[in-house]
Every structure is written in structure tokens, then in C-alpha cells.
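The values are calculated or read from the model by the stated rules, or taken from the named source; none is laboratory data. Note that this is a predicted model, so its numbers are computed, not measured. Here Cβ is always computed from backbone atoms with ideal geometry, including for glycine, and neighbour counts include all displayed protein chains. Note: accessible area is taken over every heavy atom of the protein model, side chains too, but ligands, DNA and RNA are not part of it. Shrake-Rupley method; radii C 1.70, N 1.55, O 1.52, S 1.80 Å.
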Amino acid sequence: MKIIIERDQLMQSIQNVMKAISPKTTIPILSGIKIEATQEEVKLTGSDSDITIESIIPKEEEGIVYIHDVNPGKVVVQAKFLPDIIRKLPESEVEISSDDDLNLTIRSGKAEFKLNGQDPEEYPQLPVLQTENHFDLQIDLLKTLIRQTNFAVSTSETRPILTGVNFKLENNNLELVATDSHRLASRKIEMDKQEDSISFNNIVIPGKSLTELNKILDDGQETVQVSVSDNQILFKTKYVYFLSRLLDGNYPDTSRLIPDQSKTEVKVNAKELIQTIDRASLLAKDNRNNIVKLVTQENDVLEITSNSPEIGTAEELLQTKSITGEELKISFNAKYMIDALRAIDAEEIKIQFTGAMRPFIIQPVEEEQHILQLITPVRTY
Amino acid sequence: MKRRIIFHVDMNSFYASVEMAYNPDLKGKPLAIAGNPEERKGIVVTSSYEARAKGVKTTMPLWQAYDLCPNLIVMRPNFERYKEASRLIFTILSEITPIVQPVSIDEGFMDVTEVSKNVDARELAQTIQNRILDELDLPCSIGIAPNKFLAKMASDMKKPQGITVLRKRELHEKLWPLPIGEMYGVGAKTEEKLKQLNLFTIGDLAKANVMTLKQLLGVNGERLHIRSNGEDDREVDPDAVYDFKSIGNSKTLPFDTTDEAEIMRMFKTLSEKVHERMKTKKVVSENIQIMIRYHNRKTITRGKQLRDYIDSAEAIYQIAFDLFQTHWNQEPIRLLGVTAQQLTTLEDASKQLDLFNYEAEAEKETLYQAVEKMKEKYGDRIFKKLDQSEPKMSTSFQKDFLMDYKKKK
């Protein structure tokens, strides 16, 4: 194999596939990047067996040549040093070649590196996903969906299924749900009419996969094709294939968790609420649940307080747009509230409470987007 | 620093004295209180002075005690009685001054500096001793000194019913001639080490080189050296009672065992005991630890960090037994222990409710609300959770009574 390739394009691809490579892998071959060169393109692959990322560098795009010379072939090269080597090469063109004994040479200008390669035949074959079960999404929309839900996945392995985001597609509605059993984030969108209307409801994508996917995808109007099989999901853009394992098990039915009535409703400016809670929680960071207390008062005022037994107390009054229904005193984790408000990203939000020991709902007042955040309070003794 | 007057009040053979107060027929007779007379660890917990005169000692196996004193009367401990007696003793002490620090069920320090401005300290001690004897029929010894260490040493000097004043200028005649093993803070192992340095009396220690002691015993060496010179700047701290970090119970099995049913039962009992004590102290735990001692005395402890507070015997048992099953090497077991660590008082505790099972808490919400309203109206003190049952007593309750003492004060 031999390629002469633009360094910047190569670097970009290496950085993409590096996101899938784990330094702690137990499968030695997966500590490497697979490089495959054909006459049309160079493809890099990285994998930790949960996530596999393929990044493609086309020979040329819109008249700009990325690959200057190709002698087809493939090789696996140790990923540990590759990014630094390529980044620090002196010239903008890089020559990579490998011989039959898997000795790899990287040349640029007068610099030359010789690395030991590994046998590409040992690299696990990627399952070929049948792409019948697929739908398209705009990339920036997908990124928003991830941002609005993925933060709420569980970081604890107590219930592994909760470490992922549940994707449901029914009646042309795509819904994402994530919960760590203390709070829940849900976002729903209506899909464009797809030619083959497909549906699924028990697809659970590991939160970690979505975090990496979000990093790799560039904001933009382009679309990503999402293909789903029983145990894997493939996100495919023009030059990046992102394949993730799905979580085993049944995602709990979360629709029943969402209260269908409310006893107290507060409408308030989201930014002001975030700032107030952020201030109040300064002193609460030390206590284990980062607790702030919210009390409704006369004249649509909310009192927000926190105290740390040995440090002190914080108290602030916040003028809301309106408070209707019963009086309420409730304690909750400040971080959950701030996360939820940031995810909603609306100017004005409404919070619906059904009592101090029951989960409450946060939604934008203007329901142009179907987003719902649910937080379970903290019980103080 | 201001000169202080510290009392150390030490009850004389406390458990035996309480039994004698309950049943005056026992007075003047050799009496021993022993854990479990039938089982192999039946050892003397305490004995009356009459029994001690025959050579009966604390921690001596019962058979040996009988050998020395054939007419020995042996009783099982009645912790309920001792606890009650202890409470009454500390009530008397705290009527003299609020600065009382209970150290265990039968001894405590008092700072009487203020009180003694008008009364002679020795007379005050006499008054205390008389009241405890007259009102409770219990003997005690009192040490009077300028600090805790000397007061403690002083109360030991004359028993029973002694009152001893230990002044700093008297150290060379009263304290220093004592054998090193008698010094408070010197255990058997430390005694052994000090003797290797040819330090046989407290005086030897007081004159020894600090660096040498530090090398031998670390910080403790330095501390002992300071104490032996009659210095101790620790205050009498009435709140020291609250400095508990864990609650643990352990129990030796009657026979070394590998019988899992027996072990399960044991863990159930231990968990219940730990839970009882947690309830008494009104605390919840976030970390459960177990101890396994094998037939060959090899001992391991294993713990588990929890995500939520636990406060039920069942939960403690589940975790303890899980830990056991994970770590048991199948060898015969002599002793098992369960300890609840990382304790938080209920007032400071909070619980993040769970979406999938908050209902259990939510059902009680109206009750909580009512309680809250009442508290707002009448103040925090109007409600007190009913202790479901009076905690059962066990041998390791020694420190728990202290909480009761605080609670009832």
C-alpha cells in the first residue's frame, strides 16, 4: 500500500476515528487504526467494539485533490503515536506506505518514521447493516436532540439500560427519552413523511456513544442517515460512518411516570431562574444532594434557599410571571434543575408541581417544540 | 492558662454494685457478672470487691473464677438496670455543673472550676460521693486534679469510695513511683515496649528522652511523655458524646462454624442490633462493613459504599450477607461483625427520590405536611418520632447510653 495524502484531511480523519479507540482495550488489534486505500478513497477505522467509526477521505472533492497518489492496500497501525506524528510533520503532504512484512513508513519532507504495522486481516470485520430500516435526520437537529436528552442518562451501572437514550419512532414521531431514575428528559419531533414508514420502540443507544457522535458531527444542514438493526445502529453521513452497539434489555415504560395533573403551576423567565438557583446552590454544593428549597409566596414570588449545616445559608426572592394553585414547599437537586433549564433553552418556562414528594414537569411556555423535563424532588427528613 | 479543677468520677465495680443495690442480700458476698455462663466465652465482666479479694479478675474465664472462689455468685448482666443507674448518676453530676463529659457508662469528667470558687473542691467531691451513695446506693471514687489525665489517675488511687487530690507538686511522690502499666493510656503492648527501654515506673517515663519515645511509639510516645509530666490540655467537652463515627456489633459464635443457616441467623441478629442502636441515635448510614474472624484468628473486614441512606435492619442484613457471600473463603468462622459507617443524623439527611418508586414516600406526604404545619405553628419540638420499641440491650451498648443522657438532659 502506498498513499500520498493531504496532511490536514488525514489528521481530521484520524481525530474522528480516535474517538472510538480505547487505550484500555483488551483486544490488541483494536488499539490500532485500520487504513484502507482504494483508487477512489482512503478509509480509516477505529473501534472499541462498542463503537466503530469509519472516516472516509475522498480522492477529490469539488475539484480539490486530497489524495495525490494511491497504490491500493491496507494496514493496521498503532493509534497511540499516530496523531502526534501526523500533526507535527513538516510538510502539508504525507506519504504512507507499507510493505508485505507490515512495516509502515511515514514520510513528509525530510522526516521519516518507521512503524510496525499489524495484519489488517486480523481486524474484526464490521457487520454490514442492512439499510432498509432507516430514516434521515438533519445533522443539527440530531445534535440538538442529543444535547437535550443525553445529559440525563444514568452514570451508574446499577440499571445498565438507563445508561442509554431510548429512541422511539412511531406514527412518524421520533421521541428520545433518557432518565437516571432521578430525572427524566424527553424530546419529541415530527418526522418528514418517509417513503417507507418505519417504527421501533426499544432502541437504546449508550449515552457514551451519543456523546462521541455529537463531537464528530459538524453542525450543518446536511442529513445523517440512521439505520437500525436488532443490536446496532448506524449513523451515516457522507464521509463518516458511526456504528454503535445498542443496549440489551427493555427500556422501562416512562410514559406512566409523567404526571397528568398538576396542583401548582409556576411560569417564570428561564434565565432568571437558572441564575437564582445557581447562586443559591453555591452553598449547597457540599451537601450530597446539592439541595435547594423552593417555596411559593404571595404576589407570584418564589423564595429559593439553601443551607449547608456548617457553612451558612443563601436566600433569594424571585419574581415570577405567575403562580397558580396550591402553596408549595419543595426541595430538589439544583444541578438537575439547571441541566433541565439549559436543555429546554426557552425564554419562558412553566413548572408543574403535584406535591413535595412527587416529580415535577418543566416545559417551555411556548410549546413549539415538544420537550419535557421531569425532576424528582429530594426528601428532607 | 487558667488553673482548672477537674473531677473524674469513677463508679466502683459498677455492674456488681448496681445488682447489690437492687438486691441488698448480695451485699458482702462475692459476686461476678458474666456474659454467657453456658458458653465458652463465659468470662467475668466485672466482680464485687469480695470476689476480687479471692483473686477473681475481669476477663477471667468463669471456670477459673469458680476455682478461685467456689461460693462465687454469678449473674447475667441486666443492662437495662445499669443504663438507668448510669442515667441517674449523670443527672446528679449535671446538677452540679453542665460541663460533664461522660466517658463510658460508669465514668465521667467534670470541670468544676467555676463551682469551686465558692466551695472547697474536696468538700464538693464529698457531697457528690455522698449523694450517689445515699440516693442510689452506689459507691464511687473521685479524682481531683488540674487536668483530665491526673484526675483519672487520681480516681484510681483509692477504691472503693475514695477521694484523691493529685496536685502537680505531688507528682514525684504520688504518680511517679507507680508502675508504668498503671498509667492511663499504656496498654499491655506499650508497657512491654517501654520496659525494653528500662522504663518501669511513670517517673522513668517522665524523665525519658522524648525523641527516643517518639521513635519507639510515634506521636503517642510524645503524648505519654507529656502526660507523665502531669500535663494534659484537653478540655472537658460535654459534646464529645456526639463524636461517634460508626455503630458496630460483633458476636463470637458458640462453636466455629461453616453452617450457612447459622451464619445467616447471626447476621440477622447483628443487623437488628446495629439497627436498634442507629434508631436510638437517630442516624442513618451510607456504608456497611462486615468483619469475619476465622478459626485461626485471621480476620478480614469488607465494606460496601451505598448510594442511599439505609435505616432498616432488613437492608443492613441484605448488604452484610451479600458481602459475606462474596468474601467468605468457606473456612470455619469464629466471630462475625456488622458495622454501619458514615453516619448522618436524620436532620442532616436527605434522600433523592426515585422516579420509579417515589410513591412510597409520596403516600406519606399529607402526613408530613400536617407535621410541618404544626411545627410552624408550635415550634420544632412538638413532634418526636415514637421509638417503635425500646432498644434491646446488648454488650456493646456501652456508648449508646451517652446519647440517652444527652437526649434526656
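For every helix of n ≥ 4 consecutive DSSP H residues, a contribution of -39,500 (n - 2.57) applies; sum these over chain B, divide by its total residues, and give [θ] at 222 nm rounded to the nearest 500 deg cm²/dmol. Could you put the intermediate results ahead of the total?
Numbers: 16 runs with 164 residues, N = 409.
Mean residue ellipticity, 222 nm, calculated: -12000 deg cm²/dmol.
Accessible area per residue for segment A:2-122 in Å², computed with a 1.4 Å probe and the full protein assembly in place, what is it?
Accessible area per residue, segment A:2-122: 50 Å².
Calculate for chain A the 222 nm mean residue ellipticity that helices alone would give, adding -39,500 (n - 2.57) per DSSP H run of length 4 or more and normalising by residue count, nearest 500 deg cm²/dmol.
Values: 6 runs with 61 residues, N = 381.
Computed ellipticity for chain A at 222 nm equals -4500 deg cm²/dmol.
Going by Cα centres, segment A:253-314 and segment B:23-91 are how many Å apart?
Segment A:253-314 and segment B:23-91 have Cα centres separated by 59 Å.
Using only C-alpha positions, report the orientation-averaged shadow area of the convex hull of segment B:70-170, nm², one decimal. Show your work: numbers first, answer last.
Values: hull surface 31.7 nm².
Average projection, Cα convex hull of segment B:70-170: 7.9 nm².
Helix A:139-149 sits at what angle to the longest principal axis of chain A, using alpha carbons and giving 0 to 90 degrees rounded to 10?
For helix A:139-149, the angle is close to 50 degrees.
Got a sec to turn the phi values of segment A:97-111 into Karplus ³J(HN,Hα) couplings, 6.51 cos²θ - 1.76 cosθ + 1.60 with θ = phi - 60°, whole Hz, x for Gly and Pro?
After applying 6.51 cos²θ - 1.76 cosθ + 1.60, I find 9, 9, 9, 5, 8, 6, 7, 10, 10, 10, 10, 7, x, 9, 8 Hz.
Which whole-number percentage describes the relative contact order of chain B, with Cα contacts under 8 Å and a sequence gap of 6 or more? Spell out each step's value before the answer.
Details: 674 pairs, mean separation 58.4, N = 409.
Reported relative contact order: 14 percent.
Of A:LYS59/A:LYS208; A:LYS88/A:LYS215; B:LYS57/B:LYS174; B:LYS148/B:LYS189; A:LYS59/A:LYS80, which pairs sit farther than 28 Å apart, going by alpha carbon to alpha carbon? Let's see the in-between values first.
On the way: A:LYS59/A:LYS208 32 Å; A:LYS88/A:LYS215 23 Å; B:LYS57/B:LYS174 25 Å; B:LYS148/B:LYS189 23 Å; A:LYS59/A:LYS80 26 Å.
Beyond 28 Å between Cα atoms: A:LYS59/A:LYS208.
Take every residue in peptide A:351-358, count the Cβ atoms of other chains within 10 Å of its Cβ, and give the average of those counts. Mind showing how you got there, number by number?
Details: counts 0, 0, 0, 2, 5, 7, 12, 6.
Going residue by residue through A:351-358 and averaging, the value is 4.
Using protein chains only (no ligands, no nucleic acids) and a 1.4 Å probe, work out which residues of segment A:230-254 have their accessible area cut by at least 10 Å² relative to the chain alone.
For segment A:230-254, once contacts with the other chains are taken into account, A:PRO252 lose 10 Å² or more.
Please state the charge dipole magnitude for chain B, taken about the Cα centre, from unit charges on C-beta atoms (+1 on K and R, -1 on D and E), reported in debye and rounded to the nearest 20.
On the way: 63 positive and 60 negative charges, 224 e Å.
With Lys and Arg at +1 and Asp and Glu at -1, about 1080 debye.
Report the accessible surface area buried between chains B and A, summing both sides, using a 1.4 Å probe on protein heavy atoms only, in Å² rounded to the nearest 100. List each step's numbers first, then the result.
Values: alone 22390 and 19640 Å², together 39510 Å².
That pair hides around 2500 Å² of surface in total.
From the backbone phi of segment B:19-29, what are the Karplus-calculated ³J(HN,Hα) couplings (6.51 cos²θ - 1.76 cosθ + 1.60, θ = phi - 60°) in whole Hz, Gly and Pro given as x?
4, 5, 5, 6, 10, x, 4, 6, 4, x, 10
Counting only protein heavy atoms and using a 1.4 Å probe, what share of the accessible area of chain B belongs to carbon plus sulfur, as a whole percent?
Numbers: 10560 of 21100 Å².
Carbon and sulfur atoms account for 50 percent of the accessible area of chain B.
What Kirkwood hydrodynamic radius do you get for segment A:115-167 when you take the inverse of the mean 1/r over all pairs of distinct Cα atoms, in Å? Don't skip to the end; give the middle numbers.
Details: mean 1/r = 0.0659 Å⁻¹.
Over segment A:115-167, the inverse of the mean reciprocal pair distance is 15.2 Å.
In 20 Å bins starting at zero, report the fraction of Cα pairs in chain A per bin as a rounded %.
Here the calculated profile for chain A is 25, 44, 26, 5, 0.
Using a 1.4 Å probe, how large is the accessible area of A:HIS370, given in Å² and rounded to the nearest 10?
Answer for A:HIS370: close to 110 Å² accessible.
For segment A:138-219, what is the convex hull (Cα atoms) projected area averaged across all directions, in square nanometres? Show your work: numbers first, answer last.
Numbers: hull surface 21.6 nm².
That works out to 5.4 nm², a quarter of the Cα hull's surface.
At 7 Å along the Cα-to-beta-carbon direction for both A:GLU40 and A:ASP101, put a label point, then send me their distance in nm to one decimal.
Spacing of the two 7 Å Cα→Cβ label points: 3.5 nm.
Going from the alpha-carbon gyration tensor of chain B, what semi-axes, largest first and in whole Å, does one get by taking the root of 5 times each eigenvalue? Intermediate results must be reported in sequence, preceding the final value.
Numbers: eigenvalues 299, 170, 118 Å².
The answer is 39, 29, 24 Å, longest axis first.
Could you run the Debye sum over the Cα atoms of the protein assembly as shown, one equal point scatterer each and no solvent, and tell me log10 of I(q)/I(0) at q = 0.05, 0.06, 0.07, 0.11 Å⁻¹, two decimals?
The Cα Debye sum returns log10 ratios of -0.47, -0.64, -0.80, -1.22.
Under 5 Å between amide H atoms, partner at least 5 residues away or on a different chain: which partners does A:HIS370 have, H built in plane at 1.01 Å?
So A:HIS370 has HN proximity to A:LYS188.
What are the extents of the Cα atoms of segment B:106-245 along their three principal axes, listed from largest to smallest and rounded to whole Å?
48, 38, 28
Hey, got the Cα dimensions of segment A:2-122 along the principal axes, in Å, largest first?
Principal axes ranked by extent give 40, 29, 26 Å for the Cα atoms.
Using the Kirkwood formula on the Cα atoms of segment A:236-381, what hydrodynamic radius do you get, in angstrom to one decimal? Display every interim value, and only then the final one.
Numbers: mean 1/r = 0.0603 Å⁻¹.
About 16.6 Å, per the Kirkwood formula over Cα pairs.
Under the definition of partner shielding as Cβ atoms of other protein chains within 10 Å of a residue Cβ, what is the mean value for peptide A:178-187? If you can, show how the numbers build up before the last one.
Values: counts 0, 2, 2, 7, 6, 2, 1, 0, 0, 0.
Partner Cβ neighbours, averaged per residue: 2.
Give me the distance between the Cα centres of segment A:211-250 and segment B:202-274, rounded to whole Å.
Using only Cα atoms to place each centre, the spacing works out to 59 Å.
Show the residues, 5+ positions off or on another chain, whose built amide H is closer than 5 Å to the amide H of A:ASN133.
Those qualifying (amide H under 5 Å, at least 5 residues apart or on another chain) are A:VAL228.
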